[in-house]
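Taking it in order: structure first as structure tokens, then the write-up.
FYI, it's all coordinate maths here, none of it is from the lab. Please read all numbers here as calculations on a predicted model, not as lab measurements. Glycine also receives a Cβ, built like all others from the backbone with ideal geometry; neighbour counts cover every protein chain displayed.
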Amino acid sequence: MKKSYLKILLLFIALFFVMLSLGISSITRNSNRNYQSNKWVAPKDADKVVNPLKGNASETSKGKGLFNTQCATCHGEQGKGDGPGGLQLHPRPQNLSSEEVQKQTDGALFWKITNGRPPMASYKYTFSDKQRWELVNYVREFHKKK
Amino acid sequence: MKTNNFILYFLSITIIVLCIPYRSFAIPGFARQTNLSCKSCHTIFPELNAFGRLFKLNGYTLTAVETINVTDSLDNNTLNLLKTAQLSAMMQNSYTNVSKTIPGTQNNNFAFPQQLSIFLGGEITPRIGAFIQVTYDDQGAAFGLDNTDIRYADQTSLADKSLIYGLTLNNNPTVQDIWNSTPAWGFPYASSSVVPSPIASTLIEGGLAQNVAGLGIYALWNNLIYGEVSLYRSEKQGGPHPPDSTASGTIKSLAPYWRLALQFNAGQHYFEIGTFGTSVEMFPGGLNGLTDKFTDIGIDFNYEKPFGDNEFTLHASFIRENRSLAATFNSGGAMGNSPALNSFKVVGNYYINGMIGFSLGYFMITGDADSLLYAPAAFSGSSSGTPDSGGIIAEVNYLPWMNTKFGIQYVAYTKFNGSSSNYDGNGRSASDNNSVYVIAWLAF
């Protein structure tokens, strides 16, 4: 290899590692950020929405199927927020059996499933209203399992 | 004439494989459609994480943006169209240095662009989605259809457990796969287009890409067992339509492809082990006469483990290709009619906060000697008549933004086309093909 090309190559590599070190320092600076500081609260109006499937066991069972197929990847099969798809997400997926989740109204949970907030996906156009209520019903099961 | 067909056939397979420096990858259009960041589906693009695999299995249909929604009088949804077309672009620009200049060529080359791709991807209907890539390749100086996967997906339950199932229509066996251990999405995700590549690779490692069309059925049960069966037929981009006596590498009848995988988590450890493969009988030239048969049987393994904000992933595969080259042997293109080929690849990646990635891979190709199939030629041939090659690939990537990747890759050969020194009979050593590859990969 000619020396002039070697110099260009070394310059490239040096530049790359300067960028890399800037990246690492940026990561270090941000490592103490509080991912949970921005609490996710559904609007007050959502609390007033009544669950049309409340207490319907067969719909809850359908919700379980949906949950295991589409939600367990991030929230975990037991809803603990420990699914493999959520391990690198910030904020981490909610523990659905927690008091923080279970004290919310059905309407609030429905609103959150509907609208999402990154990294939680919105399922407004993926699931029908009825399917989202089935999911709400199943989320309530985690409280019983606790 | 038959010998010419054979040469044309093997040359075209070789060129196809050698000229696949590219791997397509996830597209910003999916981020726009889902309102989720790239990191929701990827460790570092194009490597998929668990959610990304689920998104793909569901047919790319998860949608968070407003749609034009129509329902009929029976409350059936008859239209759910995204208000904006999900168009994305990708550009790879690169620089390559080869340890020893290839005779008669320039060293230290820029590729600008190495590859420019336009993607159309996302939901078509609530159950049908697509990943369509059209690519401009600087070597061919032309646009062409690249990796394409159109899916129908739905979900139900089986034995009280969840079942995602669907259909895939695609043009490259393994492009529909959700793991990064199979050829279409395997490491390295980008590599130079101007360095010599080993003389042999198995057919499934790019030899059929964009030259076939296949329809398959797949299912994931209980997030545990994945199975797929597809059937492929020749659909050669740029070739005669329909294939005629001038066509090369035309599949006789149908070529089956299979995939079976088991995945599970043990705490924060993710494991996948599976098998994949295809059996292809094809005419080296034309549509009549003797055929060559390739049976590729692959096994693969994946492992993932997060460490706080960081993550380690490992992908490995082994492919055994059994060949029955009746046509090639009969036309004098091979010494034997059943030279087998093996391909082993493993790569370990460590990703820091999704911004910095370190990868170290090892690859090995071994096979039966055949001095006609692997003929001597300056820098690209084999003086020993064996396809054996091996080496390591080390790569560092920096992603200041999730949709931009700046990387350096070093490829070091321990063996090339059968030998570590004077492999081509013209004094070139395997290490002369070592290369440094610098890439700026932009997606928007």
One finds the C-alpha centres of segment B:326-342 and segment B:107-169 to be spaced, in Å, by 35 Å
Averaged over residues of A:60-70, the number of beta carbons from other chains lying within 10 Å of each residue's Cβ is 4
Quick note on B:152, B:351, A:125, ordering by fewest other C-beta atoms within 10 Å, gives B:152, A:125, B:351
The ³J(HN,Hα) series, computed from each phi in segment B:367-381 with the Karplus coefficients 6.51, -1.76 and 1.60 at θ = phi - 60°, rounded to the nearest Hz and given as x for glycine or proline, is x, 6, 6, 7, 6, 8, 5, 10, 7, x, 6, 4, 6, 10, x
Expected integer from the mean partner chain Cβ neighbour count at 10 Å over B:429-440 is 1
By the Cα gyration tensor axes a ≥ b ≥ c (a/c under 1.5 gives rounded; else a/b larger than b/c gives prolate, otherwise oblate), the shape of segment B:148-264 is oblate
Given a Förster distance of 45 Å, the FRET efficiency implied by the Cβ-Cβ spacing of residue B:224 and residue B:426, rounded to the nearest 0.05, works out to 0.25
Taking every C-alpha to C-alpha distance in the protein assembly as shown and binning by 20 Å from 0, the per-bin percentages run 19, 51, 25, 5, 0
With 0.36 nm assigned to each residue of separation and the Cα-Cα distance removed, residue B:66 to residue B:89 gains 6.1 nm
The rounded separation in angstrom of the Cα centers of segment B:31-103 and segment B:352-393 is 32 Å
The extension gain from residue B:81 to residue B:412, computed as 0.36 nm times the residue separation minus the Cα-Cα distance, is 114.3 nm
With +1 at each Lys and Arg Cβ and -1 at each Asp and Glu Cβ, the charge dipole magnitude of segment B:198-301 around its Cα centre, to the nearest 20 debye, comes out at 160 debye
Only helices counted: for chain B, with every DSSP H run of 4 or more residues adding -39500 (n - 2.57) and the sum spread over all residues, [θ] at 222 nm is -2500 deg cm²/dmol
Partner shielding of B:353-365, as the mean number of partner chain Cβ atoms within 10 Å, equals 2
For segment A:129-136, in residue order, the Karplus 3J(HN,Hα) values (coefficients 6.51, -1.76, 1.60; θ = phi - 60°; whole Hz; Gly and Pro = x) are 3, 4, 5, 5, 5, 4, 5, 4
By the C-alpha gyration tensor axes a ≥ b ≥ c (rounded if a/c is under 1.5, else prolate when a/b exceeds b/c, else oblate), the shape of segment A:60-146 is rounded
In whole Hz, the Karplus estimates of ³J(HN,Hα) for segment B:217-222 (6.51, -1.76, 1.60; θ = phi - 60°; x where Gly or Pro) are 10, 9, 7, 10, 9, 6
Applying the gyration tensor rule to the Cα atoms of chain B (axes a ≥ b ≥ c; rounded if a/c under 1.5, else prolate if a/b exceeds b/c, else oblate), the class is prolate
For chain B, averaging the sequence separation of alpha carbon pairs under 8 Å that lie six or more residues apart and dividing by its residue count, the contact order in percent is 13 percent
Links exceeding 30 Å between C-alpha atoms in this model, out of B:56/B:83; A:80/B:56; B:56/B:293; A:44/B:161, come to B:56/B:293; A:44/B:161
Residue B:269 and residue A:80 label points (each 7 Å along its Cα→Cβ direction) are spaced in nm at 1.7 nm
